[in-house]
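Following: one structure in structure tokens, then a few remarks.
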Amino acid sequence: MSEEKKFRWVGTRPIRPDGIDKVTGRANYGADFALPDMLWGKVLRSPHAHARIQSIDLERAKALAGVHAVMTAEDLPDLFAEAAKSNGGHDGFNDLAHNVMARGRVLYHGHAIAAVAATSSAIASQALELIDVEYEPLPHVLDIASAIASDATLVHEDRVTQGVEGAGLSNVANRVQLGHGDPAEGFDLADEVIEREFTTRPVHQGYIEPHACLAQTTPDGRVTLWSSSQGHFMVRDYTAKLLDIDLSLVKVIPAEIGGGFGGKTTVYLEPLAVVLSRKSGRSVKMVMSREEVFRASGPTLGTRIKLKLGATSEGVFTAGEATLHYEGGAFGGSSVMAGCMTIFAPYAFPHVRSTGYDVMVNKPKGAAYRAPGAPMAAFALETVIDEMAERLEVDPVDLRLRNAAKEGTLASFGPRYRRVGCVETLEALRDHPHYSAPLGPHQGRGVAVGFWFNAGLQSSAGVNLNPDGTVTVLSGNPDIGGSRASLALMTAEEFGIEYERVEVVIADTQSIGYTDVTGGSRVTFATGMAVIEAAADVRRQLCERAAVVWEVDAERVVWEDGEARLKGESDQAPLTLAELAQNAGRTGGPISGRAALTARGVGMGFGAHICDVEVDPETGRVEVIRYTAVQDAGRAIHPSYVEGQMQGGAVQGIGWALNEEYVFDSDGKLENPGFLDYRIPVASDVPMIDTVIVEVPNPKHPYGVRGVGEVPIVAPIPAVVNAVYAATGVRFRDLPLSPPKVLAGLDGESAA
Amino acid sequence: MARVVLPQALAPRAGGLLEHEVEGRNVRALLAALDARFPGLGAELEGRVAVAIDGEIYNDPLLEAVEPDSEVHFLPRVGGG
Amino acid sequence: MKRHITATIDGEAREFLCDEDQTLLDALRDVLLKTGTKEGCGTGDCGACSVTVDGRLVCACLVLAAEVEGARVETVEGIAQEGVLHPLQRRFLEQAALQCGVCTPGFLVAAKSLLEKNPDPSEKEVRFWLAGNLCRCTGYDKIIRSVLDAAADLRGESG
Amino acid sequence: MQYETATTVEEAVALLTKGGADAFPLAGGTDLLAQMRVGRIKPARVIDLKKIPELREIVEAEGEYQIGAAVSGAELGEHAGLRARWPGVVEAMELIGSTQIQGRASLGGNLCNASPAADSVPALIAAGAVCSLVGPEGRREVAVEEIITGPGRTCLARDEIVAHLRLPRPKPGSGDAYLRLIPRSEMDIAVVGAGVALTLDPDGTCTACRVALGAVAPTPLAVPEAAAALVGRRLDEAALAELEAAARAAARPIDDMRGTIVYRVRVVGVLAKRAAIIAAQRAGQ
């Protein structure tokens, strides 16, 4: 992809295929399905952060008129005793099974302990109040410091730290270390060394659609689920695993998904809905309330990061070292590994090391959140770089450019980078008029860089040619951010036909091959690759069919500009896709192509953001007044949706930086489980988000795609925090920068 | 021989060394060779890590091909949002 | 005891039975099966269930179904007239103002209500009018641009 | 639950009396329905007050405004006369919730929820608003600052309702303003709030002033000491500094998830000062 190739469709901005349904209210999301015999399921949740369940009495609930089924963990198979014995309980499914319904002990406030199905939602709620549970409250741990203390209360009584030889029982589920060289040696070479500590609070993905599903079962064991998730194959596999059902008996029909950001890459309700359906013989619909979403679905939790950076007086980084503690919630499994891998990723370091600890606390089980683990890590590194630039008296972008990762740089997480766009992204930021625009009083500007790996994983695709020459594409990935459009654009490009002649269908688990979740910024890259391969399969068949029509060897036929042509001198008129499609029956039958692959050649992504803020010196309120996001997309298939990812990620990051946080009381109860007090940005909180798409094509993808969804949430936190420093002269190292904290900082009360 | 780089945490299991020259046509063969040299190490690596071969990360790498001059890094496995 | 309600919903005379404590949102979705109106929070904090009742923009989750007896209720499902998209819907599509799309019905209803009152709003007015409609995907940029452009369309200032 | 409507205040009161402890009046419902949704309130009956004409009207008589307790924020904001006379009251009401909430939320409801952080209440207190209450014993008039007696508690009897609120005719040279601090720009509960109403004589001397603060005490607070800092003086820096200090001195807030004691005390002074400056500008117009 070295020379600029001209595309007809790739890079244009047509209307997404599912657009009409989504602006008219016709699109069906998780809670929009109903069946005539349907019951409503609801979950009883723990009022304690940590307690032993002494007894659960369901009799009064069962006796309530309209109640058709009641369940507890007793109704789930205990598949995992063996796994738990052999590996100390670290089997991921063991944790998931215990998370969807508590066994023996509740591990966080909001932990599911029972569920009911009744003829109405109101009766189901009433029934929950009739379930009598006796608890023996236990001491709980709510933060990193107390969880890692030597005399800490244990969240699990049987877990030892993975990755540490001879470790004893602990709340540290895992320890990981990576890097290269010897940081001590590197710091000796430095003229300036800065060491700082950073903390962040739990935040939620904040998707607008609560988790929802509808389950239907048959007496012979078949299960149909309508579910809103980031991957219906994930829902199928996890539900089947937790209930010990053959995969072939479970059909998951993907609903449209109302946002996920990583939070819908696991199951909460589906196994319960299936059990309730089996017990009642009716279909069961379950929808979380917003409060349940906050209390019991995966946030990303709190972190503490200590980071040390060394540089020469010329502004060359000599060493970086970081210790990261990430809360993983009640089961561990935090994103600390990704934190360790990304924290120094954008730059070249001769000596670098990061050590991570995955810490269990009595809070909800964490889930992935957009570039999991990276934003907190970038907060630490990118604000220390800002401080370093000031100390060295160099421009902060210049300092970053001097050290930026490029092809051949040994990445802090291991391998050598291939072609990446970190330098190009920073140069585009530096050259943007925003970077040199004047600022007013109490205003400041910050910049920061963000990195994410992007992902490949497994995808399947089908391409069916219809008799009228239109094309139906089958994908196994729920479309969250416009991927139907990007798949259709690549298909149109592959065939040389009109975009409008391509329809993309998100097929259920019985209608398309296995496909991994919509996550990791992988769909346009990986499923796109599968679609391109399936299209190639169809093109090959089209050439064969043209050969049949022309009675020549298939090798003599090529596909060019949307039609089959005979190579060399020929008076045969080319055959169009439509002509070949129409005649498919008499040339060999219907034409369809398929591809299933593990996508290789993932292109890593970099972004760089500029943020201007104005700080009210008397109240500490921070307002973002201008914002520009720059990112290497590799290739923007549909630039509007690439911009949309950049803008959305930027605003999520702004929210995380300024106002979003879980507030727990001393009993471990979440005090702000609603959108009123869990403050995601509203429209009047933010300015327009300018975007610059840099295209350093990924050489391993036919169109150069890298993946774009995650990178944009990595840079905003440090960009905002650096801007607040520029406006106030105070460095903040604890999120969020809420008005009381900022005012205290301005008063010198808490700023370091 | 491919150059294999282990996670730092596992160096103590491999004679204290991070880097090793290992023969093998794919990741499974590299793991077997490592396991022969440092009993148990191969199994440990197989259970929990992804691999970067010449700069590209593979999450399920067992059968990925390795060239004689490849640089192979064992990494923690990372998903995404 | 169910309550019998007669109301005009998206221009159509409808009769339905509801529970006395049922919200308009639940009645729309579960009784009338008009699921275009979405629930994001149930407590008036997200705007996904925005509808108008007698021309007034409200959250359907904070209105009792019983209260709309005799009223005119407009939802997202009534915005396109006879199969023709409203300029707001067209602009949302053209400008990719939706990603997951679950907040979109609420935004469209709220924005339409704004433009009926103020045909030429400033960016700031649009942002504050729509502050009760949460979107977690778009960062609002393309939504605000779409509303401003649809306003220009409705004023006949753009082609 | 039973839903009932009343068309006169007397009927509403009778229904409330009959309904007993589990009967709740419904005006805008923006608080009641949200509380019902999360299971905090389980009414046996709700009495819809919105069909009572008195509760839905804004009536002007010789510069005095009578505002029905169930008039929505949006209706208030659309009333040009009221906007011109009592911009602070209108802006305080309009700060409550979103446009959607404004379509329903009422002054009477905001008052009777009795939240220490209710936005409209400090502005109403500063404006010198008086409530007309109706109960089984008939009508009585109570100043707004006497209505709320504690968080979630009012001086109203169970079967008493606010029929309307009256705003006096402002004297020439008067202006009012309300400011609140929230972390976001909208959709938030006040961390602190401050309402100021004042009258200036032609040379800029303050002849009358009322100051009220929100979210810094168990109830919205009238602060005569703060008002006294301005009366008889021009609004120069010294006077404003005294106002600021008096506001801070009067504040006795709590620490909660929305703000700290230190922060609230500090910022309530800032807002009182800023509100006074805006009110003075309006008074001069």
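Quick rundown of the values:
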| read-out | value |
| --- | --- |
| Whole-Hz ³J(HN,Hα) from phi, Karplus 6.51 cos²θ - 1.76 cosθ + 1.60, for segment D:262-276, glycine and proline x | 4, 5, 5, 4, 4, 7, 5, x, 4, 5, 4, 4, 5, 5, 4 |
| Span from the segment A:330-394 Cα centroid across to the segment A:175-231 one, whole angstrom | 11 |
| Exposure proxy ranking, count of Cβ atoms within 10 Å, fewest first, for C:Tyr140, A:Tyr662 | A:Tyr662, C:Tyr140 |
| Bins of 10 Å, starting at 0 and running to the largest distance - Cα pair percent for segment D:106-257 | 11, 39, 33, 15, 2, 0 |
| Charge sum, other residues only, whose C-beta stays under 14 Å from A:Glu503's C-beta, Lys/Arg counted +1 and Asp/Glu -1 | -3 |
| Neighbourhood charge, 10 Å Cβ-Cβ cut-off, centred on A:Ala117 and excluding it, Lys, Arg +1 and Asp, Glu -1 | +4 |
| Euclidean distance between Cα centres, segment C:31-82 to segment D:89-143, Å | 26 |
| For segment B:19-28, 3J(HN,Hα) per residue [Karplus equation, 6.51 cos²θ - 1.76 cosθ + 1.60, θ = phi - 60°, Hz, x = Gly/Pro] | 9, 9, 8, 9, 8, x, 7, 8, 4, 4 |
| Span-like helix ranges in chain A, DSSP H, alpha carbon extent 20 angstrom or more, Kyte mean at least -0.5 | A:374-392, A:528-550, A:639-658 |
| Rounded if a/c under 1.5, otherwise prolate or oblate - segment D:39-155, Cα gyration tensor axes | rounded |
| Mean Cβ count within 10 Å, highest first, over the residues of peptides A:221-230, A:490-499 | A:221-230, A:490-499 |
| Exercise: per-residue mean of other protein chain Cβ atoms within 10 Å, D:87-99 | 3 |
| FRET efficiency for A:Arg13 and A:Asn583, using Cβ-Cβ distance with R0 set to 35 Å, rounded to 0.05 | 0.55 |
| Sorted by Cβ density within 10 Å, fewest first, the residues D:Val262, A:Val730, A:Val287, A:Val235 | D:Val262, A:Val730, A:Val287, A:Val235 |
| Helical contribution to [θ] at 222 nm, DSSP H n ≥ 4, -39,500 (n - 2.57), averaged over chain A, rounded to 500 | -8000 deg cm²/dmol |
| Nonlocal amide H pairs with A:Val420, under 5 Å, H built at 1.01 Å | A:Glu407 |
| Spin-label zone in segment A:214-243 - amide nitrogen under 12 Å from a point set 7 Å from the Cα of A:Leu35 along the C-beta vector | A:214-227 |
| Electrostatic dipole magnitude of segment D:73-153 [Cβ: Lys, Arg +1; Asp, Glu -1; Cα centre; debye, to 20] | 100 |
| Segment A:582-654 versus segment A:669-721: alpha-carbon centroid distance in Å | 9 |
| Bins of 5 Å from zero: percent of alpha-carbon pairs in chain D | 1, 6, 13, 17, 18, 16, 12, 8, 4, 2, 1, 0 |
| FRET efficiency, A:Ala184 to A:Asp665 (Cβ-Cβ, R0 51 Å, nearest 0.05) | 0.75 |
| Calculated FRET efficiency for the pair C:Glu82/C:Arg155, C-beta based, R₀ 22 Å, to 0.05 | 0.50 |
| ³J(HN,Hα) computed for each position of segment A:160-170 - Karplus, 6.51 cos²θ - 1.76 cosθ + 1.60, integer Hz, glycine/proline x | 10, 5, 6, x, 10, 5, x, 5, x, 4, 6 |
| Inter-site label distance for D:Ala84 and A:Thr218 at 7 Å from Cα along Cβ, in nm | 7.4 |
| For A:Met360, residues with placed amide H under 5 Å, excluding near neighbours | A:Val172, A:Ala173, A:Gly328 |
| Average other protein chain Cβ within 10 Å of Cβ, residues C:66-76 | 2 |
| Amide H partners (placed H, <5 Å) of D:Ile58, local residues excluded | D:Gly68 |
| Label-point separation in nm, A:Glu393 to B:Ala43, each point 7 Å along Cα→Cβ | 6.1 |
| Inter-chain Cβ neighbour average for residues A:614-627, partner chain, 10 Å | 3 |
| Only Lys, Arg (+1) and Asp, Glu (-1) charged, at Cβ; chain A dipole about Cα centre in debye | 1200 |
| Kirkwood-based Rg to Rh ratio, segment A:496-588, C-alpha trace | 1.07 |
| Among C:9-20, A:525-536, the order from most to least packed when residues are scored by Cβ within 10 Å on average | A:525-536, C:9-20 |
| Total charge dipole magnitude, segment A:208-325, about the Cα centre, Cβ charges on Lys, Arg, Asp, Glu only, Debye to nearest 20 | 320 |
| Segment A:668-712: C-alpha gyration tensor shape, a/c 1.5 cut-off, then a/b vs b/c | oblate |
| Protection proxy ranking of A:715-725, D:162-172, A:583-593, D:220-230 - average other beta-carbon atoms within 10 Å, highest first | A:715-725, D:220-230, D:162-172, A:583-593 |
| Positive minus negative residues near A:Ala255 (Lys, Arg vs Asp, Glu; Cβ under 10 Å) | -3 |
| Residues of segment B:38-72 with amide N under 17 Å of the 7 Å Cα→Cβ point at A:Arg416 | B:52-57, B:66-72 |
| Hits among lysines - C-alpha to C-alpha of A:Lys62 under 27 Å, sequence gap 8 or more where chains match | A:Lys42, A:Lys279, A:Lys285, C:Lys2, D:Lys42 |
| Beta bridges by DSSP in segment D:1-144, antiparallel share as percent, to the nearest 5 | 60 |
| Viscosity 0.692 mPa s, 37 °C: Kirkwood-radius Stokes-Einstein D of segment C:2-78 over Cα pairs, µm²/s | 276 |
| Estimated inter-spin distance, A:Glu560 and A:Arg600, nm [label 7 Å along Cα→Cβ] | 3.1 |
| Least to most buried among A:Arg679, C:Arg145 (fewest other Cβ within 10 Å first) | C:Arg145, A:Arg679 |
| For chain A: rounded, prolate or oblate by the Cα gyration tensor [a/c cutoff 1.5] | oblate |
| Computed lengthening from D:Asp203 to D:Ala228, 0.36 nm per intervening residue step minus Cα-Cα distance | 7.2 nm |
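Computed from the coordinates by the stated procedures, all read-outs in this text should not be read as laboratory data. Given the structure is predicted, the values throughout are model-derived calculations rather than measurements. Please note: Cβ atoms are built from the backbone with ideal geometry, for glycine as well, and neighbour counts cover all protein chains shown.
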